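Worksheet for the structure shown next.
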Amino acid sequence: MAPGILAFIGGGNMAASLIGGLIARGMPAGRIIVADRVPEQLQALRTRFGIRTTSSNPAAAAEADTVLFAVKPQDLASVSAELRDVLARRRPLLISIAAGVHSRDLQRWVGGLPVVRCMPNRPAMQGCGVTGMYATHEVAATQRELAEQVLGAVGTVLWLEREEDLDAVTAISGSGPAYFFLLIESLQQAGQSLGLPEEISRKLAIETAYGASMMARVARESAATLREQVTSKGGTTEAALKHLEASDFRGIMATAVAAAARRSAQLAEELAG
Ligand SMILES: NC(=O)C1=CN([C@@H]2O[C@H](COP(=O)(O)OP(=O)(O)OC[C@H]3O[C@@H](n4cnc5c(N)ncnc54)[C@H](OP(=O)(O)O)[C@@H]3O)[C@@H](O)[C@H]2O)C=CC1
Ligand SMILES: O=C(O)[C@@H]1CCC=N1
């Protein structure tokens with residue numbers, strides 16, 4: 001992989017997931033530098049990954065070939081303003097993972113540099129993330145490749161033609177791990193309510209989620225067919241699915257995902273400034 005020096009601005013949850021995935025896949029720790037305003041956060045990253053850290057955003061950007069913005073959407077404008085001069089001199093590739101910040105706003109804040117806006121997700125930590133990516137017109141082919149190398153090292157990369165599709169990507173796969181975690185939590189609790197010991201119920205829920213996901217990933221059949229194959233006529237699965245359908249499980253999911261997509265679009269409006 002050849003992204004040169006990769007600087008993370010913001011060293012929180014998502015930065016840690018990407019760094020963990022990159023290092024596990026062979027990126028030398030010495031090529032990663034993280035800037036964050038929380039000293040304990042930096043200490044934890046140093047201890048965990050052996051990477052370099054700094055409390056100065058400009059110092060990290062000054063030596064970077066690729067700068068990856070991993071602060072909260074609400075912090076991106078001020079961080080960009082702080083880095084504007086150093087970025088103008090250094091002209092690195094900029095990658096933003098901030099939900100709901102439009103590339104045209106980020107470009108305005110940083111002074112028109114090429115930006116790849118993307119939406120990864122936390123399973124990047126295990127190398128099985130998925131990232132929707134959008135490149136602004138100014139991004140050169142070599143820079144697209146560079147961005148793809150960084151995010152591709154931690155999972156599947158899907159390029160989007162239309163930036164507005166990132167709202168839906170955020171709602172499906174950016175936030176998506178949380179939906180699955182809720183399902184795992186709910187299954188575990190249901191098992192405990194039926195009298196299973198906590199640890200047994202937890203393992204059953206997790207391994208079932210893992211197995212189902214693995215199957216869906218490799219099977220030729222659709223998820224609907226796989227579901228039908230588990231559902232014996234007059235059997236136990238049918239009894240459960242009847243309840244889920246009667247409670248409009250699909251409608252609930254559609255409404256929830258639409259709310260996330262709406263929030264992504266709303267953030268862009270709020271932060272356009
Ligand atoms: N979490 C997820 O699953 C995903 C998150 N994202 C996106 O990734 C970005 C980061 O999210 P996440 O990792 O969850 O957030 P976190 O709050 O965990 O991490 C952000 C870090 O940046 C620090 N920070 C804030 N302002 C500055 C600053 N001016 N200079 C240096 N560091 C600063 C924060 O410090 P402090 O705590 O003091 O604010 C915090 O340590 C967001 O934009 C989010 O939309 C995208 C995909 C998935
Ligand atoms: O909840 C959020 O806003 C971020 C973006 C996707 C996942 N976490």
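Taking amide H positions as modeled 1.01 Å from N, with prolines and chain starts lacking one, the residues under 5 Å from Val34 and 5 or more places away or on another chain are Phe8, Arg52, Thr53, Thr54. Couplings 3J(HN,Hα) for the stretch 66-74, derived from phi with the Karplus relation 6.51 cos²θ - 1.76 cosθ + 1.60 (θ = phi - 60°), are 9, 10, 10, 7, 10, 8, 4, x, 5 Hz, where x marks Gly and Pro.
Taking a sphere under 14 Å around the Cβ of Arg52 and counting the other residues whose Cβ falls inside, with K and R at +1 and D and E at -1, yields a net charge of +1. Within the listed set His137, His243, His102, the Gaussian network model of the chain (springs between alpha-carbon atoms below 10 Å) gives the highest mean-square fluctuation for His243. What is the sum of charges around Leu42, taking Lys and Arg as +1, Asp and Glu as -1, for the other residues whose C-beta is under 10 Å from the C-beta of Leu42? Result for the local shell: +1. The charge dipole of the stretch 54-123, taken about its Cα centre with unit charges on the Cβ of Lys, Arg, Asp and Glu (plus for the first two, minus for the last two), comes to roughly 180 debye.
For the stretch 126-192 versus the stretch 204-273, the spacing of their alpha-carbon centroids is 17 Å.
The Cβ shell under 15 Å around Thr156 holds other residues with a net charge of +2, Lys and Arg each +1, Asp and Glu each -1. Since only Val79, Ala224, Phe8 are under comparison, the one whose Cα sits farthest along the positive direction of the charge dipole of the chain, derived from C-beta charges on Lys, Arg, Asp and Glu, is Phe8.
Gaussian network model of the chain, Cα springs within a sub-10 Å range: biggest mean-square fluctuation belongs to which of Ser96, Ser175, Ser186? Top of the fluctuation ranking is Ser186.
Working note: Karplus 6.51/-1.76/1.60 with θ = phi - 60° gives the stretch 195-208 the couplings x, 6, x, 3, 5, 5, 5, 4, 5, 4, 5, 5, 5, 5 Hz, where Gly and Pro are set to x.
Computed over all pairs of different Cα atoms, the Kirkwood value for the hydrodynamic radius of the chain is 20.3 Å.
With the simple model of a label 7 Å out from the Cα in the direction of the Cβ, Phe249 to Arg84 spans 5.2 nm.
For the chain, modelled as a Gaussian network with Cα springs under 10 Å, which listed residue fluctuates most, Ala135, Ala258, Ala16? In the Gaussian network model the winner is Ala258.
None of the figures in this text is laboratory data; all of them are computed from the coordinates on show. In this text the structure is predicted, and so the values were computed from the model without any measurement. For neighbour counting, all protein chains shown are included, and Cβ atoms are generated from backbone atoms with ideal geometry for every residue, glycine included.
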